[in-house]
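K.L.:
What follows is a single structure, and I will ask about it in a moment.
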Amino acid sequence: SQQGEEDPQALSIQEGENATMNCSYKTSINNLQWYRQNSGRGLVHLILIRSNEREKHSGRLRVTLDTSKKSSSLLITASRAADTASYFCAIRPYGNNRLAFGKGNQVVVIP
Amino acid sequence: DTEVTQTPKHLVMGMTNKKSLKCEQHMGHRAMYWYKQKAKKPPELMFVYSYEKLSINESVPSRFSPECPNSSLLNLHLHALQPEDSALYLCASSQDGQGDTGELFFGEGSRLTVL
């Protein structure tokens, strides 16, 4: 499968805690992206990491990529109630302009 | 606020109706996409237009007919749909869909219910 697969599928944490999600995939990639989706809304691009990058930061987000293990992680630090959403990883396979989404990860941040 | 605008936000239609979903972006992007998303599932790619030409059709049934009148507009014409086609239809755009890295900008979606 070209899709990314997130792990865990659902996460419930207290406000202020960190949330970590993992994504695995099976094909060679050009880049891997993370998106957030609030309930019933469109997806919002969070961060993109290229295949030759190992780590990237954006505000409270930290993404790592291990191409040897074909896996990525998304860390949200100091979570807020507003971070409650579904988070999807998406891979752009090498030589392919399809963006394939993983199953998604529901994160609930309890105030 | 998203820079990709989708109308209508909600649509209810019967199986014999003909309706259209519309999408507009003014970011100068040359690639536009239609995705279908069922509840608690990831978006599934349906169509990709690149430079106003259909470049990807993911074996979508012919009751869904895409149209790209110009680089800013994308339509999805609906005819003789089935109840299982009820879903959130998401439009997205990216810089050019070929050599770009492919960050997608999504609209808020059109929630379709087929009775």
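K.L.:
If I go through segment A:90-111 residue by residue, how many of them are of a type in the set (A, V, I, L, M, F, W, C) and more than 15 Å from A:Ala10 (Cβ to Cβ)? Spell out the reasoning first.
P.N.:
First pass over segment A:90-111, keeping only residues of a type in the set (A, V, I, L, M, F, W, C): A:90-91, A:99-101, A:107-110.
Checking the rest, the ones that are also more than 15 Å from A:Ala10 (Cβ to Cβ) come to A:90-91, A:99-101.
The number of residues fulfilling the criteria is 5.
K.L.:
State all residues of segment A:83-111 that are among the polar types (S, T, N, Q) and part of a strand (DSSP E or B); if no residue qualifies, say none.
P.N.:
Looking only at segment A:83-111, we keep the residues that are among the polar types (S, T, N, Q), and these are A:84, A:86, A:96-97, A:105-106.
Those that are among the polar types (S, T, N, Q) and part of a strand (DSSP E or B): A:Ser86, A:Asn105, A:Gln106.
K.L.:
Would a scan of segment B:28-50 turn up a residue that is touching a Cys at 6+ places or on another chain (Cβ under 7 Å), more than 12 Å from chain A (Cβ to nearest Cβ), touching a residue at least 24 places away in the same chain (Cβ under 8 Å) and among the aromatic types (Phe, Trp, Tyr)?
P.N.:
yes
K.L.:
How many residues are open to solvent by 10 Å² or more (accessible area, probe 1.4 Å), touching a Lys or Arg at 6+ places or on another chain (Cβ under 9 Å) and farther than 30 Å from A:Leu48 by Cα when one looks only at segment B:65-83?
P.N.:
Let us first name the residues in segment B:65-83 that are open to solvent by 10 Å² or more (accessible area, probe 1.4 Å), namely B:65-73, B:75, B:77, B:79-80, B:82-83.
After this cut, where a residue has to be touching a Lys or Arg at 6+ places or on another chain (Cβ under 9 Å) as well, the list is B:68, B:71, B:73, B:75, B:77, B:79-80, B:82.
Next, only the ones that are farther than 30 Å from A:Leu48 by Cα stay: B:77, B:79-80, B:82.
Of the residues in segment B:65-83, 4 are open to solvent by 10 Å² or more (accessible area, probe 1.4 Å), touching a Lys or Arg at 6+ places or on another chain (Cβ under 9 Å) and farther than 30 Å from A:Leu48 by Cα.
K.L.:
Kindly establish whether A:Gly42 is surrounded by 15 or more Cβ atoms within 10 Å (Cβ to Cβ), in contact with a Cys (Cβ under 8 Å, 6 or more places away or on another chain) and modelled with pLDDT under 95. Steps first, please.
P.N.:
On the way: surrounded by 15 or more Cβ atoms within 10 Å (Cβ to Cβ): yes; in contact with a Cys (Cβ under 8 Å, 6 or more places away or on another chain): no; modelled with pLDDT under 95: yes.
So A:Gly42 fails the test.
K.L.:
If I go through segment A:45-82 residue by residue, how many of them are under 25 Å from B:Gln95 (Cα atoms), hydroxyl-bearing (Ser, Thr, Tyr) and surrounded by 20 or more Cβ atoms within 10 Å (Cβ to Cβ)?
P.N.:
1
The values are calculated or read from the model by the stated rules, or taken from the named source; none is laboratory data. As the structure is a computational prediction, the values presented were derived from the model and not from experiment. FYI the Cβ positions are ideal-geometry reconstructions off the backbone, even for glycines, and counts take in every protein chain you see. These area figures cover heavy atoms from the full protein model, side chains too; ligands, DNA and RNA do not enter into them. Shrake-Rupley method; radii C 1.70, N 1.55, O 1.52, S 1.80 Å.
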